[in-house]
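Peer 1: Can you read through this structure? Questions will come right after.
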Amino acid sequence: MPPRKKQKVEHSGTSDSVVALPQRTTRAMAKAALVPTSGQPSQPPAASCAKKGGATRVVGRPRKGHLMTLPEIAVELQLEIYSYLDLKDLHNMSRTCTRFRKFFLGRKTVTKERLWVQARANTDDFPERPPFLSEPAFVHLLLSPQCHRCGCSNVHNVIWRWFTRYCSKCFREVTVSWKEAEDYARTRDRNNILTYREPFLLVNVINPSTRYNHKDSCTYNRIHRDHLDKLLTEWLDVCPSNTQWDASRKISREFEEKRAAESAVRNEYARVCEEWFDKQQDKRWALLNAARTARFNEIVNRLRDGGWDKEIAFMGRTGLEEMATIPVVRQAAKLTPKAWQDVYERLEGHLNDIRKERIAAERRALLESRLELFDEVIRDFYVRLPRSASMEYRARGADLAFIDECQSLLDAPNERLVTQADIEAILPDVVARWEAEQKEKLSTMVKNALPEPVPDDVDALTLAVAMFGCLCFGQDFRWHRTPGEGEFAPPRFPAILGHDCIRRDYWRYNAHKESEYAHIVLKLSSSATARRPFKVENIIHTPGVVSEASIVLKTLGFDPLRTTVDDLKDCNARLRCLSCSQNYAGYAFTWETAINHACSYVGASPRHNKWALIEGEEELELVRRLEAEVHDVAYTSKAAREDVFWSCSLCLAVDEKWPRMQEHYKSEHPDEDAESCLQNGTIYRHPFKSCKVQLKPPVQFISPSPPGATMNGGV
């Protein structure tokens, strides 16, 4: 630190004047000395007054703890006092003021050696001093984080090979690359000592490397300019430029061995010092981290006492670690009242943000728990044991959550306790309205897809052509499928209400996204497809599906506007697709598989909308015999079981593929046999977790017709 300015010593002007010791006099002290108090003279009892130029100046005695009078003591007494100090203490004393610096680092060899030799004896944990460094220089290297060239502070990187500290700017200025060193050496030495030699064999190099592309690197093989000049000077002293080549080779080997030995000695000292320095740094960081931890724990405790305990708990370990990195928090200084005020002012905004996040998280958790209860009540409303497939054709929580009665109940304030009884009270009316609304929309969709109006006495949703398209529909229909794999089928009403494809993430309730309640409902429902909202508008390809089904019914001789599914249950007619030339050429289709086959080509070219009845008795007999074999295989095949999800009617919500379903029965229903339960319907195919339904697959009864051949009856 810079020395203070010398203060003048004032005299009273008389022969018996007392010389007062110098002391810095503040304005407040001078003012207090000049202003009289209640009739008493304005003179402090512990200070002398002096006049100079008509003004009175107060000169006080020195304060306790100051060392400014220490240099005035006899030298022998000072040496006796300083003999109890160690190297670190002497280093700190020499940096106190200019007088101390001159005393401890002056040219008086006897005093200097006596001080530093005794300090070395008092010091136990310092490494051995290299012989080429003085004790003050060595201590300065170890303890002063300053650049040895420009004096800038915070230079903690010690270059131990050179026993010096340089900032990044000075390092670039005082060093050269190996290539630059070679070029410079050629200007001074004909027998270039640096040519064809590795740099670290002759001089201490920073980041030595033998790679050729590192010769001109800004990072590797950096050489100190002064060291290079010293090397060349020593080399020219033993091997002048006019030395013959043969003689220079012998001299260079000896010189190289000498330099290598010197470098080895320096490097050994550097290694020891570096290990000591690293240990000191580790100790320093350990102390700093301990101080930071203690300060941070005190900050956290004060925040808890100040009413932020919920926010502290909400942040958790990750949040506290993030808060600990804030500069005003991560300091190692003691937490004084002023420091605590600064910390609190800095953290108040951050804690308010955390409080908002906590309140939002609590609200979100409450809404999620209410929605979970809402789903359970809806499931209990629809599902009874033993469970059946028709119980899955129902509304979900996300479907009813936006209805006014449900939203006002679920989105009630946190203080409102929402119970199962509250939901059960409004659920029947809400479910009835929702089902009626969806039924009306689906019926209107079917009517709009038909070319003619549906008679008033016919329910449009019961018609055989009342089918709806989805994303799964049409994916794999155009490829040959092995008998027994099952067929995709367009869903009907009411199965469409539980179909997964209508509830995928491809459609959003954009009108509700601004609401926090809607955001939580949609985010929660996105974790399971069955919980996403149902929208009739998301159904696709319905007109094409209805059109293809109408063509099949007309081929069979039925009226599409009046024929229902029940009317076709006893239909034993078989059809052949005239549009197929490869995959299903020569196959006989039932009315169901014919509709599915035609609908699978909706939107494709060419359409498979040309059908013919199989009317020959021999052909029909062959078809029935083949179907008896193939349909039985289709039901019992491995593919028909393992490719779809199965549901357990004895449990409320167990839907697994066949291997897992067998394990479920072994663990949960050991008295029941999975095979028997499959045959009697206790285990049934899940209606919408798999788009495959068990149909009677088509059978090939004749070889494909030659190109151009047709059959009578095509439409």
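The values are calculated or read from the model by the stated rules, or taken from the named source; none is laboratory data. Quick caveat: nothing in here was measured; it's all calculated off a predicted structure. Please note: Cβ atoms are built from the backbone with ideal geometry, for glycine as well, and neighbour counts cover all protein chains shown. The accessibility values were calculated without ligands, DNA or RNA, using every heavy atom of the protein model including side chains. Shrake-Rupley method; radii C 1.70, N 1.55, O 1.52, S 1.80 Å.
Peer 1: When only alpha-carbon atoms are used, what values of Rg and Dmax, in angstrom, describe the stretch 314-370?
Peer 2: Calculated on Cα positions, Rg and Dmax stand at 14.8, 49 Å.
Peer 1: Moving to a separate point now. When you count, for each residue, the other Cβ atoms within 10 Å and take the mean per peptide, how do 280-286, 222-228 rank with the highest first? Mind showing how you got there, number by number?
Peer 2: Numbers: 280-286: 11.1, 222-228: 18.7.
Order by mean packing, descending: 222-228, 280-286.
Peer 1: Counting other C-beta atoms within 10 Å, and keeping those with at most 13, which DSSP coil trypsin sites (Lys or Arg not before Pro) do you find in the stretch 345-392? Can you show the working numbers first?
Peer 2: On the way: sites: R346, R355, K356, R358, R363, R364, R370, R379, R384, R387; in loops: R384, R387.
Answer in residue order: R384.
Peer 1: Given a 1.4 angstrom probe, what's the average accessible area per residue across the stretch 298-402, in square angstrom? Spell out each step's value before the answer.
Peer 2: On the way: 5620 Å² over 105 residues.
Here the residues of the stretch 298-402 average 54 Å² of exposed surface.
Peer 1: Could you give each residue of the stretch 369-374 its phi-based ³J(HN,Hα) in whole Hz, using Karplus coefficients 6.51, -1.76, 1.60 with θ = phi - 60°, and x for Gly or Pro?
Peer 2: 5, 5, 5, 4, 5, 4
Peer 1: State the Cα centre-to-centre distance between the stretch 580-618 and the stretch 329-358 in whole Å.
Peer 2: For the stretch 580-618 versus the stretch 329-358, the Cα centre distance is 76 Å.
Peer 1: Let me make sure I get this right: for the stretch 248-370, a, b and c are the square roots of the gyration tensor eigenvalues over alpha carbons, sorted descending. Under 1.5 in a/c it's rounded, otherwise prolate if a/b > b/c, else oblate. Which is it? Mind showing how you got there, number by number?
Peer 2: Details: a/c = 5.13, a/b = 3.01, b/c = 1.70.
Prolate.
Peer 1: Now for a different question. About the Cα centre, and with charges only on the beta carbon of Lys, Arg (+1) and Asp, Glu (-1), how big is the dipole of the stretch 557-621? Nearest 20 debye, please. List each step's numbers first, then the result.
Peer 2: On the way: 6 positive and 10 negative charges, 100 e Å.
That gives the stretch 557-621 a dipole magnitude of about 480 debye.
Peer 1: Enumerate the calculated ³J(HN,Hα) couplings along the stretch 332-340 in order (Karplus 6.51 cos²θ - 1.76 cosθ + 1.60, θ = phi - 60°), each rounded to whole Hz, writing x wherever the residue is Gly or Pro.
Peer 2: 9, 6, 5, 7, 7, x, 5, 5, 5
Peer 1: Can you give me the long-range amide H partners of W611? Hydrogens built in the peptide plane at 1.01 Å from N, cutoff under 5 Å, separation of 5 or more residues or another chain.
Peer 2: So W611 has HN proximity to L578, V715.
Peer 1: Which net charge results when you count Lys and Arg as +1 and Asp and Glu as -1 among the other residues whose beta-carbon is under 13 Å from that of A612?
Peer 2: Details: positive: K554, R574, R576, K610; negative: E615, E619.
Summing Lys and Arg as +1 and Asp and Glu as -1 gives +2.
Peer 1: Another question, if that's okay. Straight-line reach only, C-alpha to C-alpha below 20 angstrom: list the aspartates and glutamates that K554 could link to, leaving out same-chain residues fewer than 8 apart.
Peer 2: E452, D459, D566, D567, D570, E592, E615
Peer 1: Sequence-distant or interchain residues sharing an amide H contact under 5 Å with T164, placed H: which?
Peer 2: Answer set, sorted by chain and number: I159.
Peer 1: Considering amide H positions built from the backbone, and no H for Pro or chain starts, which residues 5 or more places from Y684, or on another chain, come under 5 Å of its amide H?
Peer 2: Close amide H contacts, sequence-distant or interchain: S647, S649.
Peer 1: Oh, and also: Would you mind checking the pairs K441/K689; K569/K696; K610/K696; K447/K569; K535/K569; K447/K696 and listing those with alpha carbons more than 19 angstrom apart?
Peer 2: Numbers: K441/K689 24 Å; K569/K696 13 Å; K610/K696 21 Å; K447/K569 23 Å; K535/K569 31 Å; K447/K696 29 Å.
From K441/K689; K569/K696; K610/K696; K447/K569; K535/K569; K447/K696, over 19 Å: K441/K689; K610/K696; K447/K569; K535/K569; K447/K696.
Peer 1: Right, next: Can you run phi through the Karplus equation (6.51, -1.76, 1.60; θ = phi - 60°) for the stretch 81-90 and list ³J(HN,Hα) in whole Hz, with x for Gly and Pro?
Peer 2: Whole-Hz 3J(HN,Hα) from phi for the stretch 81-90: 5, 6, 5, 8, 8, 9, 5, 5, 5, 4.
Peer 1: Then there is this: Loop-only GluC sites (Glu not before Pro) in the stretch 355-437, please: DSSP not H, G, I, E or B, and at most 13 other Cβ atoms within 10 Å. Walk me through the numbers on the way to the answer.
Peer 2: Numbers: sites: E357, E362, E368, E372, E376, E392, E405, E415, E424, E435, E437; in loops: E415.
Taking the stretch 355-437 and a limit of 13 other Cβ atoms within 10 Å, the loop GluC sites (Glu not before Pro) found are E415.
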